[in-house]
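All of the numbers you see were taken from the coordinates with simple rules; none came from a lab. Bear in mind the structure is a predicted one, so any value in this text is a computation, not a measurement. Backbone-built Cβ (ideal geometry, glycine too); neighbour counts: all protein chains shown.
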Amino acid sequence: MRYNSEITTLADLARVQARHFPDDKALIYQDKSLTYSQLDIQSNRVANALLAKRIKEQSRIALLAKDSLSSYTILFACAKINAVLVPINWRLAAAEVSYILRDADVEFLFVGSEFQTLIETIINELDGVKTIISLADKPQDKWLTYENWCHSHSDVQPNMTININNVVVQMYTSGTTGRPKGVQLAHYSFFAIAQEFLKEGKSWINWHEKDKSLLILPCFHIGGLWWAIRGLVSGAENILLSTFDSVEILKIIPEYRITKTCLVPAMIQVLLSEPQCKKTDFSSLEYIIYGGSPIAESSLKEAMSTFACNFVQIYGMTETGNCAVSLSPDAHTLATNPDRLKSAGKPFPGVSVAILDSEGKEVPSTKVGEICIKSPANMIGYWKLSEATANTLVNGWIHTGDAGYFDTEGYIYICDRIKDMICCASENIYPAEIENILYEHPAVAEVAVIGVPDADFGETIKAIVVLKAGMHVTALDIIQFVRGKLADFKLPRSVEFAESLPRTLSGKLQKAKLREKYWQGYQRKVN
């Protein structure tokens, strides 16, 4: 991992890189671009414009917009004046956006053109929001445009002292199990792992200033923001997409000679399904980083063959400052263990991982327990949720809620979310084990396995299956496909066919939504 030790905060990043790479392109979006010098100057203007509005230190400034060059000038502006950026998932409903803006005590809001109408519908609920700036060319009459608002302000560096422990970004979790929680990330969260690599004299995926990095994941997702920072801190040229567009991606990779990109497995599968994929020139690609959800081994092998580059899996969560564990390229290609591709990998330098039982005691290798992570990039805590913070961040350890185990060589394997575990006739069953088998069925495009209530066994196993186009199978075919590959008590007892499965933008399956209709009327969601 190429890393400049001068950069310890996001406030440093644009300023330092402007000195080292003034005329190199930092960000490209459609037909526009910013050099590192321009990124520094533009973020200074936005920072000074915010100061002119008397924004105080650690005030929350929200961004509801698809990614663009402005997203990053706003990010670095906030960092330079010790404010906190709250990037909002633009796929949320109006009520969810309203909740986040109110929960975060947002005073200042930047809005993309597509979301002006949404904000208008909830404006009366947003008493705390004092100023709204539109990123659109033609905003609502009462809102200022971004360009007009910041253009007249000075481009002098704000003279503010920024501490690495200051919160700089507040990201809201997906909220699949209730109200979303604001994860407070300090400046150190974006640099601590890189510093650990530097201490050990190691690199990660060989970042360099000649890299062409493709930014596909949105910056309201920790994976997207973390990936963008990795490219910028390396002096790379970063090509930005506002949304995932598989056809456009297959054009951009050869056009810009992309060397590195970060994807979630669902995106990889969509790219592989595009007719143009087999004809695309991927010769420039050096690394594809993937994570955020499981990937079927068959899909991974197809991707490795098609893209013909190094593959690296990452595992972590917003609360750990993104990734804490990684499966290296060598482990993908040189593994003698046939199950190695199912592993999440080993901890990064400076990161400790423990597998704990329900009493908080470490369990031996190969035994399943909760994965807990102590990382130098861990969050400060949840915003205004001291009890939730205390339950998740215990003595420096993030309790991930994921069930997994170490093998005898120290590789970490993830079984499932603990809350998704099915208890059938006193047997604990992890759905991912069944899903991995079903993904091998030639007719299965997507699958989710959940527990549904049963009067005799407590819970039984239901598979919800999305078939590939033009394929036809029966429920019995699906059940028989699992038979013999797993113990009989792990066989699905029922199968439902669906057109699609609910997912977050990051590709994570929303099992809570799938379970809802089966658990209505039950006080608890376990039986």
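For region 62-163, the list of trypsin sites (Lys or Arg not before Pro) that fall in a loop by DSSP and count at most 16 other C-beta atoms within 10 angstrom reads ARG91, LYS130, LYS142.
For the chain, just say rounded, prolate or oblate: build the C-alpha gyration tensor, square-root its eigenvalues into a ≥ b ≥ c, call rounded for a/c under 1.5, and beyond that prolate if a/b exceeds b/c, oblate if not.
Values: a/c = 1.64, a/b = 1.47, b/c = 1.11.
Cα axes put the chain in the prolate bin.
Among ASP477, ASP488, a tally of other beta-carbon atoms within 10 Å of each Cβ gives an order, fewest to most, of ASP488, ASP477. The residue among GLY458, LEU486, ALA469 whose Cα reaches farthest toward the positive pole of the charge dipole of region 421-516, with charges on the beta-carbon of Lys, Arg, Asp and Glu, is ALA469. Taking 0.36 nm per residue of sequence separation and removing the Cα-Cα distance, the ASP127/LEU272 pair yields an extension gain of 47.5 nm. Charge dipole of the chain (Cα centre as origin; +1 on each Lys and Arg Cβ, -1 on each Asp and Glu Cβ, all else neutral): 480 debye, rounded to the nearest 20. In this simple spin-label approximation, GLU297 and ASP357 carry label points 7 Å from Cα along the Cα→Cβ vector, and these lie 2.9 nm apart. Bridgeable lysines around LYS346 (alpha carbons under 20 Å apart, same-chain partners fewer than 8 residues away excluded): LYS199, LYS202, LYS367, LYS374. Dipole of the chain computed with +1 at Lys/Arg Cβ and -1 at Asp/Glu Cβ about the Cα centre; of ILE164, LEU51, PHE244, farthest Cα towards the positive end is LEU51.
Compactness ratio for region 114-223: Cα radius of gyration over 2.2 N^0.38 Å (N = residue count) comes to 1.47.
Along its principal axes, region 36-187 has C-alpha extents of 42, 38, 26 angstrom, given from the largest down. Close Lys pairs in region 1-157 (alpha-carbon distance under 27 Å; sequence gap of 8 or more, or different chains): 21. For region 233-321, applying the loop criterion from DSSP together with a ceiling of 13 other beta carbons within 10 Å to the chymotrypsin sites (Phe, Trp or Tyr not before Pro) yields no site.
For the chain, relative contact order (Cα pairs under 8 Å, six or more residues apart, normalised by length) works out to 11 percent. The distance between label points at ALA308 and GLU255 comes to 2.3 nm (points 7 Å beyond Cα on the Cα→Cβ vector).
Give a quick list of GluC sites (Glu not before Pro) in region 43-149 that DSSP marks as loop, anything other than H, G, I, E or B, with at most 14 other Cβ atoms within 10 Å. For GluC sites (Glu not before Pro) across region 43-149 that sit outside H, G, I, E and B with at most 14 neighbouring Cβ atoms in 10 Å, the list reads GLU57.
Think of the chain as a dipole: +1 on every Lys or Arg Cβ, -1 on every Asp or Glu Cβ, centred on the Cα centre; then among TYR99, ALA390, LEU271, TYR99 lies furthest on the positive end.
Given axes a ≥ b ≥ c from the Cα gyration tensor, I'd like to know whether region 331-433 is rounded (a/c under 1.5), prolate (a/b larger than b/c) or oblate. It would help to have the intermediate numbers written out before the result.
Numbers: a/c = 2.12, a/b = 1.25, b/c = 1.69.
Judged from the Cα gyration tensor, region 331-433 comes out oblate (a/c at least 1.5, b/c at or above a/b).
For the pair GLU496 and GLU440 in one chain, pulling the backbone fully straight at 0.36 nm per residue adds 18.4 nm over the alpha carbon distance.
Here's how it looks for VAL169: its modeled amide H is under 5 Å from those of LEU85, LEU185, which are all 5 or more places away or on a different chain.
Apply the a/c threshold of 1.5 to the C-alpha gyration tensor of region 421-516 and tell me whether it is rounded, prolate or oblate.
Numbers: a/c = 1.78, a/b = 1.21, b/c = 1.47.
Oblate, because a/c is 1.5 or more while a/b does not exceed b/c.
Can you give the calculated 222 nm mean residue ellipticity of the chain, where each DSSP H run of n ≥ 4 adds -39,500 (n - 2.57) and the sum is split over every residue, rounded to the nearest 500 deg cm²/dmol? When only DSSP H runs of four or more count, the value is -8000 deg cm²/dmol. Available extension along the chain between HIS472 and LYS199 is 92.7 nm, counting 0.36 nm per residue and deducting the alpha carbon span.
Would any residue of region 60-95 have its amide N under 20 Å from a label point 7 Å out along Cα→Cβ of GLU147? List them or say none. Only 64-75 pass the distance filter.
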